[in-house]
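For reference, the structure is listed below as structure tokens.
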Amino acid sequence: STTTSTSATQRAPSRAHEQEPHLPSEVLEEIFNRLSLKDNIRASVVCKSWQSPAISVRKANTPPWLMSYPKSGDLFEFYNPTERKNYYLDLPEMRGTRICYVKDSWLLLYKPRTLRLFFFCPYTLEKIKMPKLQLSDHIVAFSAPPTNPDCTLCMVRHVEREAVAISTCRMGENQWTTLTYECDPPFHSSMWNKLVFCDGIFYCMSLTGLLGFYDPIERTWNISTVPPPHCTDCLHLENRWRSKFMAEYEGDIYVTCTCALAEPFVYKLDWVKGVWDELVSLDGRTIFANYVSSCVRSELVGKLVGSVYFPKVLFYGKRCITYRPEGDRYSPKDDVYDWTEMEGFRSAWIEAPKNVDKFLEGAGCKEETTVIEDDDEDETLREDKSSETEVDAATMPIREA
């Protein structure tokens, strides 16, 4: 009797294992396809049967590339921050221009000599002309790619101590509409972009951090009661206007404040409380900062996650300087960086080509791999690996969205 009971007890787990439900791979793939990148990675390490279906549908966003003007000639540089590769593309169409703003893969270019303003896509070489307008210290942005009929261009410029002029032009219109608005308190803008489009409204930041907003449909201009984001007291007046980088992402507005004498501050606007919240972590997002236009990305992988990427500076050659709020550190290591030394119109973050291999083959680009020999970079990577618990899963093969 005892022997029979023991035998039954030993066989019970075997029968339970045989009866364990098993979801087909097609069902698992459908489930995992609906997950965010972070949740997909977590699911892939739950068990062996989940790993393959999760990886097969894993999607990661592609970071923008940094496009830079050449010192001479027409050979423009495109820097891929993921692979640290430089690509060079001959673009005589951009000769004599400056970049005013970027959204997706479209550049808004201005030729001071002819007052010509036009959209240009460097990947397809498409060009869309806009009515002429003389630009001086205008802040410029557009709401959507120019292929969208609702695309609206907006330019803001202070004309007097207590007034701003706002010029707008929609796709299909043959002239600009300019209106002047009184400002109380005074609102001083600059040609360095702190203008973003969010939920139908253009938001603009003044030199002193005031937030103005313009409704292109109602044609109304107002100044928000939200106090300016706190910037360090050591920020000198002459470089204050070159120290803020403003970006929009999924209805939120981010501002990165820097100066030559302190580490950056990163803020997100709290719409409910009406304050700028200082962030100690980007919660998996990445900010790509630039004077012309800045952007925010999520669902990236590797070292890109959770950092602020600044444009390259001449002293560091082929390196992007990054800052990680979580840990409060620059890479390469330095106490502070002086961003006022940059030439603001000479580079911009632009959406990467949809198909990199096809683009490179068709464009006949030159390719160059950036070799980094930096002990500090190795130390940073070691710290990243020790602080991230899901590194192994995150480095599994992915397919780009």
Discussion item. Kindly evaluate Ser307 against the criterion of being within 11 Å of the chain's Cα centre (by Cα) and modelled with pLDDT of 90 or more.
Written reply: yes
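Residues are listed down the side, and each one gets a yes or a no for (1) assigned to a strand (DSSP E or B); (2) modelled with pLDDT under 80; (3) among the basic types (Lys, Arg):
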site: Gly284; (1), (2), (3): no, no, no
site: Asn290; (1), (2), (3): no, no, no
site: Lys312; (1), (2), (3): no, yes, yes
site: Thr340; (1), (2), (3): no, yes, no
Worksheet entry | strands (runs of 3 or more DSSP E) (entirely within the stretch 62-105) containing at least 1 residues that are within 13 Å of the chain's Cα centre (by Cα) and either at pLDDT below 95 or in the same structural domain as Cys154 (by TED's automatic domain parsing) (or both) | 65-68, 98-103
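The rows are residues; the columns are (1) without any contact (Cβ under 8 Å) to a residue 24 or more places away in the chain; (2) not in a strand (DSSP E or B).
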| position | (1), (2) |
| --- | --- |
| Pro145 | no, yes |
| Pro149 | yes, yes |
| Val156 | no, no |
| Ala165 | yes, no |
| Thr168 | no, no |
| Gly172 | yes, yes |
| Leu179 | no, no |
| Asp184 | no, yes |
| Gly209 | no, yes |
Worksheet, complete the sentence: Note on Thr208: of the conditions (1) at pLDDT below 90; (2) of a type in the set (S, T, N, Q); (3) surrounded by fewer than 17 Cβ atoms within 10 Å (Cβ to Cβ); (4) under 28 Å from Asp150 (Cα atoms), unmet is (4)
Worksheet item: From the set of residues in the stretch 242-257 that are among the aromatic types (Phe, Trp, Tyr) and crowded, with 22+ Cβ neighbours inside 10 Å, which is farthest from Val280 (Cα to Cα)?
Response: Phe245
Discussion item. Residue under question is Val140, and the condition is that it be assigned to a strand (DSSP E or B), open to solvent by 10 Å² or more (accessible area, probe 1.4 Å) and aliphatic (A, V, I, L, M); does it hold?
Written reply: no
Worksheet item: Across the stretch 233-244, which residue is modelled with the highest pLDDT among those that are within 24 Å of the chain's Cα centre (by Cα) and in a loop (DSSP other than H, G, I, E, B)?
Response: Ser243
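Here's the yes/no breakdown for (1) open to solvent by 40 Å² or more (accessible area, probe 1.4 Å); (2) in contact with a Lys or Arg (Cβ under 8 Å, 6 or more places away or on another chain):
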{"residue": "Gly274", "(1), (2)": "no, no"}
{"residue": "Asp277", "(1), (2)": "yes, yes"}
{"residue": "Asn290", "(1), (2)": "no, no"}
{"residue": "Ser293", "(1), (2)": "no, yes"}
Discussion item. For the stretch 28-46, check the following and say yes or no: at least one residue is in contact with a strand residue (DSSP E or B) (Cβ under 7 Å, 6 or more places away or on another chain) and modelled with pLDDT of 75 or more.
Written reply: no
Worksheet item: For residues in the stretch 128-179 being of a type in the set (Lys, Arg) and farther than 22 Å from Leu211 by Cβ, which is modelled with the lowest pLDDT?
Response: Lys132
Practice prompt. Examine the stretch 72-82 for a residue that is of a type in the set (Asp, Glu), touching a strand residue (DSSP E or B) at 6+ places or on another chain (Cβ under 9 Å), closer than 14 Å to Trp349 by Cα and open to solvent by 10 Å² or more (accessible area, probe 1.4 Å), and state whether such a residue exists.
Written response: yes
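The values are calculated or read from the model by the stated rules, or taken from the named source; none is laboratory data. Every value quoted in this text rests on a predicted model; they were computed, and no experiment measured them. Glycine gets a Cβ as well: all are built from the backbone with ideal geometry, and neighbour counts include every protein chain shown. Note: accessible area is taken over every heavy atom of the protein model, side chains too, but ligands, DNA and RNA are not part of it. Shrake-Rupley method; radii C 1.70, N 1.55, O 1.52, S 1.80 Å.
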